[in-house]
1. Can you tell me how many residues within region 236-263 are at pLDDT below 90 and either crowded, with 22+ Cβ neighbours inside 10 Å or touching a strand residue (DSSP E or B) at 6+ places or on another chain (Cβ under 9 Å) (or both)?
2. For the structure I just gave you, tell me whether SER269 is in contact with a Lys or Arg (Cβ under 9 Å, 6 or more places away or on another chain) and either within 30 Å of GLU147 (Cβ to Cβ) or at pLDDT below 85 (or both).
3. Among VAL68, VAL60, which is the only one that is under 19 Å from GLU141 (Cβ atoms) and modelled with pLDDT under 80?
4. From the set of residues in region 107-153 that are open to solvent by 50 Å² or more (accessible area, probe 1.4 Å) and either aromatic (Phe, Trp, Tyr) or within 16 Å of LEU80 (Cβ to Cβ) (or both), which is modelled with the lowest pLDDT?
5. Could you list, in sequence order, the residues of region 199-228 that are surrounded by 15 or more Cβ atoms within 10 Å (Cβ to Cβ) and either at pLDDT 90 or above or touching a His at 6+ places or on another chain (Cβ under 7 Å) (or both)?
6. Restricting attention to region 276-327, and to residues there that are open to solvent by 30 Å² or more (accessible area, probe 1.4 Å) and of a type in the set (Val, Ile, Thr), which single residue is nearest to ARG256 (Cα to Cα)?
7. Among (1) in a helix (DSSP H, G or I); (2) closer than 20 Å to THR96 by Cβ, there is one condition LEU275 misses while meeting the rest; what is its number?
8. Looking only at region 121-152, count every residue that is assigned to a loop (DSSP other than H, G, I, E, B), among the charged types (D, E, K, R) and within 16 Å of the chain's Cα centre (by Cα) and tell me the total.
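The values are calculated or read from the model by the stated rules, or taken from the named source; none is laboratory data. Owing to the predicted nature of the structure, the values given are computational and were not obtained by experimental measurement. Cβ placement follows ideal geometry from the backbone for every residue including glycine, while neighbour counts extend to all protein chains displayed. Heads up: the accessible areas ignore ligands, DNA and RNA and are worked out on the full protein's heavy atoms, side chains in. Shrake-Rupley method; radii C 1.70, N 1.55, O 1.52, S 1.80 Å.
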Amino acid sequence: MTPSAPIPLHLLTGFLGSGKTTILSALLRNPGGERLAVLVNEVGELALDHWLIEKVDEDVLTLASGCVCCSLRGELYGALERVAALEPTRIVVETTGLADPAPILHGLTTDARLRELVRPAGVVAVVDALRAEDLLATQPEVLAQLEAADRVVLTKADLAPQRVDDALALVRGAAPGCEIRFVEEALGDPKWIFSAPPLAKLLDGDQARRWLGHGTLSVHGHAEPFRTHSFESEHAVDLPILELWLRLVTQLDGPRLLRIKGLVEDRASGAMFALQAAGRSITPARRLERPPAGVRGVHMVVIERGMGEAPAARLMESLGAAVGGALDVSARRPRGTA
């Protein structure tokens, strides 16, 4: 069913590991009086990010077939139709960490069917303050995300206060004219996130190209090839062994490991934990209050750039060995012991 008026749509973008899912979860808990519907877009065969959103209900849909910028006229339209039928006041699309918002915005403003359903209402870019300098120097997607942003949210500044001024200066240079807030302030005022300008300059494709500074909008939003690798096991394992594996591989191959994320069922506690890393930055294992129904064992996704076939194969073999070692330890240890 087509809504009587296009529904405001907000893009939530940011590089892998920047904190988009945490922000989205907080917005769902405190939407500022809005009725939100959410689309979570993922890269990889296993869709995991939507399980990390603490409030998952009928208003959260997952697009797991690939980057949303490559499926604008297919799966995205169908998903938006389903979302529009729920009659939300706003829609939030969380893009993949590797997406360039430019082709997405171009499609939203030029595709007649999409224009009937939604209207672009702002781009919120999330930036990890700890990694801002490195990411802007090495990952072209980050610059593209900031160039398209109307609002910028800076995360993880509390972990390294001495870097905040430099991170702010870099982000201001990459996103001139954008208002920037730290994550605590932004989440305390959801209306600020949703009050971004309505992207008037993007109603025309040529204007969009000039505004974004990309010359010709690319058909695909990725500057260089990246690859995803998935691993699944139906067995619960010893969580500390996989935590050790994560520390080792991120120290060895951090620059090439764009993102590692996983759901791990801990044998000792029976609980499900989320493991996440971006580069060499590892987030402490997080226990899920509501484990996903029907999900057991180990589900891991590795997103890498530039590893090559043989190193990537060895990496995944090491993950299999780590899971096997965790299973061996579990088999030798009496159930219920620490």
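1. 10
2. No, not satisfied.
3. Only one candidate passes the filter, namely VAL68.
4. Checking each candidate, the answer is THR110.
5. Correct list: ALA208, LEU217.
6. The residue in question is ILE282.
7. Of (1) in a helix (DSSP H, G or I); (2) closer than 20 Å to THR96 by Cβ, only one is false for LEU275: (1).
8. Residues in region 121-152 being assigned to a loop (DSSP other than H, G, I, E, B), among the charged types (D, E, K, R) and within 16 Å of the chain's Cα centre (by Cα): 1 in total.
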